[in-house]
Amino acid sequence: MSDQRRKQLRARMGEENLDAFVVSKPANVRYLTGFTGEGLVVVDAEVAICTDSRFTVQAAEEAPGIECLSGEGGHLGQAAERLVSVGARRAGFEADAMTYAGFETLQEKAPEVELVSTRQTLERQRIVKEPEEVELVAAAAAIADQAFETVRPQIQPGMTEREVAIELERQMLLGGAEKPSFPSIVASGPNGAKPHATPGERKLEAGDLVVVDFGAQANGYCSDCTRTLALGELDERQREVWHAVREAQLAGLGVVAPGCPAADVDAAARELLRKRGFVEEFSHSVGHGVGLEVHELPGVSARSEEVLAAGMIITVEPGVYIKGWGGVRLEELVLVTEDGPQALTRAAYDL
Ligand code: ZN
Ligand code: ZN
């Protein structure tokens with residue numbers, strides 16, 4: 001599998017006239033080799049992991065058959081040596097992941113090699129998922145679903161936001177997650193107005209809406225899910241906002257199909273919220289791709305120039321955030337298929 005991926009990368013390198021490629025983003029290192037330790041990967045006609053003695057056993061286990069360099073000089077030193085030894089002339093590097101200091105070190109140690117800045121080369125390659133990757137995202141989502149089902153009855157007045165987050169993450173770890181795919185968000189009552197609130201010491205109260213945004217990472221692949229729960233009876237406005245967000249989400253999902261511009265998904269959700277009078281309170285884009293990273297291509301926003309294709313995995317997550325009042329966000333994780341969006345999460349939407 002990773003052999004095929006490296007082949008694809010080499011084809012792209014050929015187009016850019018690159019004879020080597022230095023991979024430093026951990027998700028891309030994992031994607032190309034299976035290696036999850038610290039280090040870089042250099043792809044040329046062959047492939048090598050550049051790491052240090054702490055990770056050689058792990059590299060042999062995770063990436064059998066791939067050469068592992070772990071001598072003196074650090075990861076970048078190994079990479080530079082590799083570039084020199086294979087006679088690389090033009091080597092791509094990942095501008096989004098390589099630090100400036102790393103770039104300088106690499107250039108210093110391989111002065112004859114022209115280092116070429118690249119962006120999103122592997123991220124573009126990862127945008128359409130292989131069937132195995134879809135399975136892995138679905139498996140991560142199942143772990144998160146199970147954790148949510150277990151914790152949900154405990155989410156009651158008196159529990160703090162932090163306690164909810166800790167319990168949710170504990171259940172995901174017990175269920176087989178490597179880690180949460182991002183720090184969980186539990187935003188109750190007025191805190192719901194902050195789309196990316198940090199769970200704090202606020203105790204949940206009867207009548208609260210509680211935004212819970214969480215995901216599991218397993219075998220490197222992430223899930224992402226948001227539900228907004230009600231603690232007890234809701235008032236008219238809370239009900240109105242929740243249903244407006246749900247309708248906006250369904251409107252967005254309603255246009256998801258291969259060939260649909262990602263921006264249209266955002267527009268469909270936004271248009272619904274405009275009709276309901278909440279468009280000003282929907283302050284972020286409607287979604288994003290999910291895979292080895294919890295936020296990856298394609299962006300699903302008004303500015304996105306991506307066109308959806310079968311095999312992409314995206315979220316559709318409109319929200320309404322009202323300062324001093326609170327917020328509602330609902331997030332579905334879907335696979336784009338010829339038959340439309342296929343949900344990868346099962347968590348219920350009931351209030
Ligand atoms: Zn989320
Ligand atoms: Zn998300």
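Things to note:
- Rounded to the nearest 20 debye, the dipole magnitude of the chain is 440 debye, with +1 charges on Lys and Arg beta carbons, -1 on Asp and Glu beta carbons, and the Cα centre as origin.
- Considering the chain, its Cα convex hull presents a mean projected area of 18.3 nm².
- Mean ellipticity per residue at 222 nm, deg cm²/dmol - from DSSP H runs of n ≥ 4 across the chain, formula -39500 (n - 2.57): -11500 deg cm²/dmol
- Of the GluC sites (Glu not before Pro) in the range 160-265, those whose Cβ has at most 15 other Cβ within 10 Å and which sit in DSSP loop: E201, E205, E233
- Sorted largest first, extent of the range 2-125 alpha carbons per principal axis (Å): 33, 30, 24
- Rounded to the nearest whole Hz, the Karplus-based 3J(HN,Hα) values (6.51 cos²θ - 1.76 cosθ + 1.60, θ = phi - 60°) of the range 275-285 follow the sequence 4, 8, x, 10, 5, 5, 8, 9, 9, 10, 6, with x at glycine and proline.
- Taking a straight line from the alpha carbon of K275, these lysines sit under 24 Å away, with near neighbours fewer than eight places off in the same chain left out: K194, K323.
- Average Cα contact separation per residue, the chain, under 8 Å, 6 or more apart, as relative contact order %: 14 percent
- The alpha-carbon of K129 sits under 26 angstrom from the alpha-carbons of these lysines, leaving out residues fewer than 8 places away in its chain: K7, K25, K179.
- Cleavage-rule hits, trypsin sites (Lys or Arg not before Pro), the range 204-308, DSSP coil, Cβ neighbours within 10 Å at most 14: R303
- Note that the range 122-131 has calculated 3J(HN,Hα) couplings of 6, 4, 5, 5, 7, 5, 9, 7, 6, x Hz, one per residue in order, obtained from phi through the Karplus relation 6.51 cos²θ - 1.76 cosθ + 1.60 (θ = phi - 60°); glycine and proline are x.
- Distances between every pair of Cα atoms in the range 103-213, grouped in 5 Å steps from 0 to the bin holding the largest one, split as 2, 11, 16, 14, 12, 10, 9, 9, 8, 5, 3, 2, 1, 0 percent.
- Computed over all pairs of different Cα atoms, the Kirkwood value for the hydrodynamic radius of the range 1-45 is 10.6 Å.
None of the figures in this text is laboratory data; all of them are computed from the coordinates on show. As the structure is a prediction and not an experimental result, all values here were calculated from the model. FYI the Cβ positions are ideal-geometry reconstructions off the backbone, even for glycines, and counts take in every protein chain you see.
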